[in-house]
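Here's the structure, in structure tokens; my notes come after.
The values are calculated or read from the model by the stated rules, or taken from the named source; none is laboratory data. Note that the coordinates shown come from a computational prediction; the quantities given were computed from them, not determined experimentally. Here Cβ is always computed from backbone atoms with ideal geometry, including for glycine, and neighbour counts include all displayed protein chains. Surface accessibility is based on the protein's heavy atoms, side chains included, excluding ligands, DNA and RNA. Shrake-Rupley method; radii C 1.70, N 1.55, O 1.52, S 1.80 Å.
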Amino acid sequence: MAEETFGVADYLVVALMLLISAAIGVYYRFTGGKQKTVQEYLLADRNMSIVPVAFSLMASFMSAVTLLGVSSENYSYGTQFVVINFAYGLVTPIAAYGYLPVFYELQATSAYEYLERRFGKATRLFASIAFSFQMILYMGIVLYAPALALSAVTGISLVISILSVGAVCTFYSTIGGMKAVLVTDVFQSLLMFAAVYCVIIKGTIDAGGLDKVWQIAYDGGRIEFDNFSVDPTVRHTVWSLVIGGGFTYLTLYAVNQAQIQRLLCVKSLKKSQQALWLSWPILTALSLSTSFSGLAIYSRYFDCDPLLAKQIDSNDQLLPYFVVDTLSYLPGISGLFVAGIFSGSLSTVSSAVNSLAAVTLEDYIRPVLVKMGKSSKLTEKRSTLLTKILVLLYGILCIGMAFVAQSLGGVLQASLTIFGVVGGPLFGTFTLGMFFWITNEVGAISGLAMGLAISLWIGFGGPKPPPPYLPVSTEGCEDPVFAALRLGNATSTALRDDSEYFYLYRLSYMWYVVIGFGVTVLFGVFVSFVYGKLVLKEVKLVEAKLFSPFIKRILPREFKEFKEVATINGSFENNMNHVGVKDIENSTSF
């Protein structure tokens, strides 16, 4: 089926998209500073405008996971997930004004340099390793997702799909640096919107109008926005989406290396905040559009579900299957759709490999050379070359990880699970530093370790109950064989009894990030307090700029007056001795 419906025009469209993406990388390799400095290669010389940065912020998070996962989510589980967009708007001010000013004032290539300045080298290393683990896993998912789409549409093997997308992405990221990544993200974002609106327009026309799409979805039990259940085992509720979704957003846009690196590519803090604000409506527009595309798909298959009818192997293939089924007669449209899916993956993987290279250089390699007394050998030219090699190596690793991503389940839930179980504790660690002046390195490391242990156990432990799919049918399928499958397996999952499963494994995946954050902060504060009282008997002073603007106004006087002095080797020394806990307690009220 697939090989007959993907014609020459479709292949040309996909090839053109890949060539344009690669050409952007070539262009920035030979223009401007020609990627000869680390600052240009990793931070685009800090002179980008807010529009490409805003699009890149959206694309590096949403990507192919949105196009495949959110459409499938609304088809299979209903529209409750849409509520998460409300959470994004609520917490954007927290990221923009509570966390971003700290990173912008620090002006460090690696966000984890903050943790060294605030706590120490061990905390920085621990956190950066956790981030690397998170992003490597995520890269595998976002490369596997479009490969799945291409396989479903064209019949080309997953291996060829993964290799082609991974190779192009690695190529332009390696030679073009951050400038190429940002500009291709804009181009690829537009293709993502185009792919989604092809589906929406076709589905709406076939159904007979927007009102018909909505009515069919309503009759099928897909319309739901007001599930206020307080049961944490319910997969999606207003509470889990607003709270869990808000925390997920903050793990990405407040402290994630990939996003912080983009936000430092503009000239001023104000422009950086503007870019973050602009990314929110772009992100919401794509999310809402993709959600409605899921309803448009349902309006066609509400009485002949492709999964039950054995036409597809996974609900994540619904979107490409719809394109093949309804748009393949139009030359180039299927190709445009696949180009949009590819674009989503390219934008995310390029940001991941770029940020991983930055972390590896700044958090792993440079500190080792400093300790060995060989930091002078890492010249600007050598640093830039080494960073390009790292991007290339991470691109190859990404391709390898894509081959194991099939075991992680649905792309949307799998990606949010990874962000939750690792991102929550990392977000908690930065919060310990920016919002609590009594915390110390022992507390920060203990909190991060405990948060990771608990959230990884809950997130990846099992067995877990299968998700409660809404009822589907094969009643309208032409083949009479499918009539026996009417209201089959999908309905039974909605009526199951989950009490036999361990309670923590039944929790909604949206709570993983909240649990990881909460355990990290609570345990980190507790250990810091006990260790500070019983062992240190003092509070380590750090500069006030390392605290959130929300906290600076209530900091003890000693912190406001304290300054660090840079030494020859780039480390920092205190210009005041540590002050006893009682001294600080006497100067302000906790």
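Key figures for this structure:
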| quantity | calculated |
| --- | --- |
| Of every Cα-Cα pair in the range 280-320, the percent that sits beyond 15 Å | 48 |
| Long-range HN-HN contacts of Glu538 with modeled amide H, under 5 Å | Val581 |
| Contact order normalised by residue count of the chain, Cα under 8 Å, 6+ apart, percent | 25 |
| Volume per residue of the C-alpha convex hull in the range 190-312, rounded to whole Å³ | 168 |
| Of the DSSP H helices in the chain, those whose Cα atoms cover at least 20 Å axially and whose Kyte score averages 0.5 or more | 8-29, 121-154, 158-207, 333-359, 380-402, 411-435, 441-460, 512-531 |
| Surface accessible to a 1.4 Å probe, Lys36 within the full protein complex, Å² | 130 |
| log₁₀ of I(q)/I(0) at q = 0.20 Å⁻¹ - the range 2-143, Debye sum with one point per alpha carbon | -1.47 |
| Relative pair counts by distance (%), Cα atoms of the range 164-231, 10 Å bins | 16, 26, 20, 21, 17, 0 |
| More than 45 Å apart - percent of Cα-Cα pairs taken over the chain | 18 |
| Kirkwood-Stokes translational diffusion coefficient of the range 253-400, alpha-carbon pairs, 20 °C, 1.002 mPa s, µm²/s | 111 |
| 23 Å Cα-Cα reach of Lys537 towards lysines, excluding residues that sit fewer than 8 places from it in its own chain | Lys121, Lys560, Lys563, Lys582 |
| Value at 222 nm in deg cm²/dmol, rounded to 500, when DSSP H runs of n ≥ 4 in the chain each add -39,500 (n - 2.57) | -20500 deg cm²/dmol |
| Anisotropy class of the range 344-477 from Cα gyration tensor, a/c 1.5 cut | oblate |
| Computed log₁₀ I(q)/I(0) - Debye formula, equal Cα scatterers, no solvent, the range 119-207, q 0.12 Å⁻¹ | -0.59 |
| Cα-only radius of gyration and Dmax that characterise the range 92-133, units Å | 11.1, 31 |
| Carbon + sulfur, % of accessible area of the chain - ligands and nucleic acids excluded, 1.4 Å | 65 |
| The range 1-70: equivalent-ellipsoid semi-axes (sqrt of 5 x gyration tensor eigenvalues, Cα, Å) | 32, 19, 9 |
| Accessible area (Å², per residue) of the range 335-457, counting only protein heavy atoms and a probe of 1.4 Å | 32 |
| Gain in span if fully extended, Lys381 to Leu536, counting 0.36 nm per residue against the direct Cα distance | 51.5 nm |
| Size of electric dipole in the range 316-442: Cβ of Lys, Arg +1 and of Asp, Glu -1, about Cα centre, debye, nearest 20 | 720 |
| Spatially proximal lysines relative to Lys34 (Cα-Cα < 18 Å; intrachain offsets below 8 disregarded) | Lys179, Lys381, Lys388 |
